[in-house]
1. Which order results if 103, 173 are arranged by neighbouring Cβ count within 10 Å, fewest first?
2. Which value in deg cm²/dmol, rounded to the nearest 500, describes the helix-derived mean residue ellipticity at 222 nm for the chain, given -39,500 (n - 2.57) per DSSP H run of n ≥ 4 and division by the residue count?
3. Report the residue, chosen from 67, 56, 212, that carries the largest GNM mean-square fluctuation when the chain is represented by alpha-carbon nodes joined by springs under 10 Å.
4. Per residue, what volume in Å³ does the Cα convex hull of the stretch 138-219 take up?
5. Per residue of the stretch 74-82, what does 6.51 cos²θ - 1.76 cosθ + 1.60 with θ = phi - 60° give for ³J(HN,Hα)? Whole Hz please, x for Gly and Pro, Karplus curve as stated.
6. Given springs between every Cα pair under 10 Å in a Gaussian network model of the chain, which of 142, 188, 102 has the largest fluctuation?
7. So, with +1 on the Cβ of K and R and -1 on the Cβ of D and E, and no other charges, what is the size of the charge dipole of the chain about its Cα centre, to the nearest 20 debye?
8. For 224, 192, 136, what ranking results if the residue with the fewest other Cβ atoms within 10 Å of its Cβ goes first?
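Just so it is clear, none of the values below were taken in a lab; they were calculated from the coordinates. The structure displayed is predicted, hence computed values, not measured ones. Cβ sites come from the backbone with ideal geometry, for glycine too, and all protein chains shown count toward neighbours.
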Amino acid sequence: MTTSTLSRLPIVVAIDGPGASGKSTVARAVARSLGFCYVDTGAMYRTLAWHCIRTGVDLGNPRAIAGVCRRWKTRLHLEEGEPGEVVLLVDGFRPKSEIRTADVGQAASDVAVVPGVRRWMRLVQRDCCRFGDLVMEGRDIATNVFPETNFKFWLDASPDERRRRRQSQGVEDNLGYRDRQDSQRAAAPLMMGLGAVRIDTTGRPVEDIVAGITEVVRNGVSTMGTKVP
Ligand code: DC
């Protein structure tokens, strides 16, 4: 496992928004362009949901789900690549296609309601900083995980566009169910962070959005007296 050799505090770029708003594509490309590590926190919730389903944990039982977080054998791992990606391994294994089904997506939204799960995730997600500067995507990065960051972005797209994106990816996704549950839960609900830059990605080229975010971060970092590649 690689850890950061930075002689300053790591920079965190928070990218939040609902499903199919363009977060993953944009966050990955911004990380590549800045030379930062990419973190998909949705994948962490999906991994927990997948593990619960696989081990027969009742998704209607919050105490049982929170109990899994105390017991399961996980660790963070930096996967080399362009960009490098910080992922959560379970028993040394990284589930990939297994966590991309509609059922696991819905179950991820279900486990994400549990306050004990969110506390565990927040600690683990903050610990990702040990790998260096980060672009982290999720639902509560700017509001809950790294509220202190200067770089907060909120991505959204029209409901039609979001549905179209999932269809063109050939992915089934209960977006309506997840939107409702993610934004109505009591613990760290899906919402725009204070001071976040709102970007509507509907009909806009990805490159423009990535260039815009990258420029904001570069300018902000240079006023802090730091340089990024
Ligand atoms: O980004 P995604 O669609 O892979 O996320 C799956 C679910 O995980 C989402 O419906 C809600 C939950 N989630 C969350 O509550 N907080 C995050 N920071 C990321 C995801």
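1. 103, 173
2. Using -39500 (n - 2.57) per qualifying helix, the result is -13000 deg cm²/dmol.
3. In the Gaussian network model the winner is 56.
4. 104
5. Those phi angles translate into 10, 8, 7, 9, 8, 7, 5, x, 10 Hz.
6. Among 142, 188, 102, the largest mean-square fluctuation in the Gaussian network model of the chain belongs to 102.
7. 560
8. Arranged by neighbour count, lowest to highest, 224, 192, 136 become 224, 192, 136.
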